[in-house]
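Here the structure comes first, spelled out in structure tokens, and everything after it is commentary.
The values are calculated or read from the model by the stated rules, or taken from the named source; none is laboratory data. Everything quoted here is computed from the prediction, not taken from an experiment. Here the Cβ is made from the backbone with ideal geometry for all residues, glycine too, and neighbour counts use every protein chain on show. Quick note on the areas: whole protein, heavy atoms, side chains included, nothing else; ligands and nucleic acids left out. Shrake-Rupley method; radii C 1.70, N 1.55, O 1.52, S 1.80 Å.
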Amino acid sequence: MGPSSVVFDIGGVLIDWNPRYLYRKLLPDEESVETFLRDVCSNEWNQQFDAGHVFSKGIETLAAKHPEKAELISAFWGRWQEMLGGEVPGTADILRRLKREQIPVHAISNWSAETFPIATTLYPFLDLFDVLVVSGRERIIKPGQEIFQLFLERSGLAAKECIFIDDSAANIAAADKLGFHTVRFSTAEDLERRLVALGLLSQTGSRS
């Protein structure tokens, strides 16, 4: 039996978030941007906010280690909105179509509790989810299995009833282990084809 509910990741699937959009404005060239995001405001450092830590404390601690870069580090919070590149083309339209066709739609997202309200103001489609689990609110993050288990408890679904869509290989692997159907996201066109093949989405946007 195939899945009957669709579970989205948000960043990289529905919303284009990338700190390079900001730091290309603040640093002189691509090499300096990549060096800064590797050695200072790294992905690993950012994950603490997805796990529920407060931006002000994380920035204060990192700025103390790199005082010469304190202004750049502070921009990660003060100018966070400039890291948003808009909707990932086509995916929000798929979400809206699924909702219109009365397919249950949910989300499990690694996202800071402090910045998620900004995103919901900018992207109203984030209100469409039936069950929404935001890591920063729960203080647990993907690919840890606990956040997937929390979603299953809240939704009352079994993993086999869900198709989980994420751009991260690690998150997809974690969901696979729990029995979710999965799609490693690449483009909205590819996702649409897969959902149509599963009978979750009609070709025309109106379910037959």
query: So which pairs qualify, if the first residue must be in segment 138-152 and over 16 Å from Gln48 (Cβ atoms) and modelled with pLDDT of 95 or more, the second must be of a type in the set (Val, Ile, Thr) and surrounded by 20 or more Cβ atoms within 10 Å (Cβ to Cβ), the Cβ gap must be under 8 Å, and the two must be at least 6 apart or on different chains?
result: Phe148/Ile108; Leu150/Val133; Phe151/Val7; Phe151/Ile108; Phe151/Val133
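One line per residue, one yes/no per condition, for (1) under 27 Å from Asp166 (Cα atoms); (2) more than 16 Å from the chain's Cα centre (by Cα); (3) among the aliphatic types (A, V, I, L, M):
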residue: Gly52; (1), (2), (3): yes, no, no
residue: Leu62; (1), (2), (3): no, yes, yes
residue: His66; (1), (2), (3): no, yes, no
residue: Lys69; (1), (2), (3): no, yes, no
residue: Trp77; (1), (2), (3): yes, yes, no
residue: Leu84; (1), (2), (3): yes, no, yes
residue: Val88; (1), (2), (3): yes, no, yes
residue: Ala92; (1), (2), (3): yes, no, yes
- request: Report the residue count in segment 168-208 for those that are open to solvent by less than 60 Å² (accessible area, probe 1.4 Å) and among the acidic types (Asp, Glu).
  value: 2
task: Please name all residue pairs, on different chains or six or more residues apart, with Cβ atoms under 6 Å, provided the first residue is in segment 35-60 and is of a type in the set (Val, Ile, Thr) and the second residue is at pLDDT 95 or above and assigned to a helix (DSSP H, G or I).
output: Val40/Lys69; Ile59/Ile73; Ile59/Ser74; Ile59/Trp77
- prompt: Which of the residues spanning segment 144-178 are of a type in the set (A, V, I, L, M, F, W, C) and in contact with a Pro (Cβ under 6 Å, 6 or more places away or on another chain)?
  reply: Cys162, Ile163, Ala170, Ala174
- request: Return yes or no: is Arg154 in a helix (DSSP H, G or I), open to solvent by 40 Å² or more (accessible area, probe 1.4 Å) and touching a Phe, Trp or Tyr at 6+ places or on another chain (Cβ under 8 Å)?
  value: no
message: Give all pairs with beta carbons closer than 8 Å in which a residue from segment 13-32 that is under 28 Å from Phe125 (Cα atoms) and in contact (Cβ under 8 Å) with a residue 40 or more places away in the chain meets a residue that is hydroxyl-bearing (Ser, Thr, Tyr) and not in a helix (DSSP H, G or I); count only pairs at least 6 apart in sequence or on separate chains.
response: Leu14/Tyr123; Ile15/Tyr123
- request: Kindly indicate whether any position in segment 168-184 is touching a Phe, Trp or Tyr at 6+ places or on another chain (Cβ under 8 Å), β-branched (Val, Ile, Thr), modelled with pLDDT of 95 or more and not in a strand (DSSP E or B).
  value: yes
Those residues of segment 114-133 which are hydrophobic (A, V, I, L, M, F, W, C), over 18 Å from Ser5 (Cβ atoms) and either open to solvent by 60 Å² or more (accessible area, probe 1.4 Å) or touching a residue at least 24 places away in the same chain (Cβ under 8 Å) (or both), in sequence order: Ile118, Ala119, Leu122
query: Which residues, taken from segment 186-205, are aliphatic (A, V, I, L, M) and free of Cβ contacts under 8 Å to residues at least 40 places away in the same chain?
result: Val196, Ala197
query: Which residues, counting only those in segment 158-185, are without any contact (Cβ under 8 Å) to a residue 60 or more places away in the chain and over 17 Å from the mean Cα position of the chain (by Cα)?
result: Ala158, Ala159, Asp176, Lys177, Leu178, Gly179
